[in-house]
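Right, one structure below, let's go through it.
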């Protein structure tokens, strides 16, 4: 019985200590660079928590120090610049063709998951705008109402999805409780993540 209490207490401590864990900015910048992207976060923003949830994993978050507005970044590499081993390289390279064609379906799945099971349409950027603004081959944007663990504490999410062939996909999740917070809240961060 004492051993069961110890195991339960240990698991509880581990869960609490990992709640709200986020990697450092330096670690996230390393991931971004390794995936062929660049990051430029204005200094006014502070790190936000990375909250474990069953809907959408993300890698880093920033927020205003004095506003109810947060940006969560999710990076999904297709290929890395450098691999830790040959088996990882082979596994990643075997999926390149499908990943270069499934970015719209992936966007729909992400929207479905973070909205709590609702289908949302998205507006694709003009191809030239995606290229000029993000050096991406494709990009899209939409607003969803959050009804999932991912959105806990927030009502709305403006999602920006970016794709570059043979490089990766990136998602920027801007979260707020009021729709009118998006224009000014997003502006300084909208181009903070780009493909190289």
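Before moving on, here are some points about what is shown:
- Remark: residue 114 matches the filter, which requires a residue to be at pLDDT 95 or above and buried (at least 21 other Cβ atoms within 10 Å of the Cβ).
- Residue within region 180-193 that is in contact (Cβ under 8 Å) with a residue 12 or more places away in the chain, over 14 Å from the mean Cα position of the chain (by Cα) and buried (at least 21 other Cβ atoms within 10 Å of the Cβ) present: yes
- Matching residues, region 117-144, being surrounded by fewer than 16 Cβ atoms within 10 Å (Cβ to Cβ) and in a helix (DSSP H, G or I): 127, 128, 129, 132, 133
- Subset tally (residues that are touching a helix residue (DSSP H, G or I) at 6+ places or on another chain (Cβ under 7 Å) and either at pLDDT below 95 or under 22 Å from residue 75 (Cβ atoms) (or both)) for region 144-161: 9
- The set of residues from region 145-179 being more than 18 Å from residue 121 (Cβ to Cβ), in a strand (DSSP E or B) and more than 15 Å from the chain's Cα centre (by Cα) comprises 164, 176.
- Scanning region 134-150 for residues that are within 25 Å of residue 63 (Cα to Cα) and without any contact (Cβ under 8 Å) to a residue 60 or more places away in the chain returns 136, 139, 140, 141, 142, 143, 144, 145, 146, 147.
- Region 22-62: number of residues that are touching a helix residue (DSSP H, G or I) at 6+ places or on another chain (Cβ under 6 Å) and touching a residue at least 40 places away in the same chain (Cβ under 8 Å): 5
The values are calculated or read from the model by the stated rules, or taken from the named source; none is laboratory data. Here the structure is a predicted model, which is why all the values come from computation and not from measurement. FYI the Cβ positions are ideal-geometry reconstructions off the backbone, even for glycines, and counts take in every protein chain you see.
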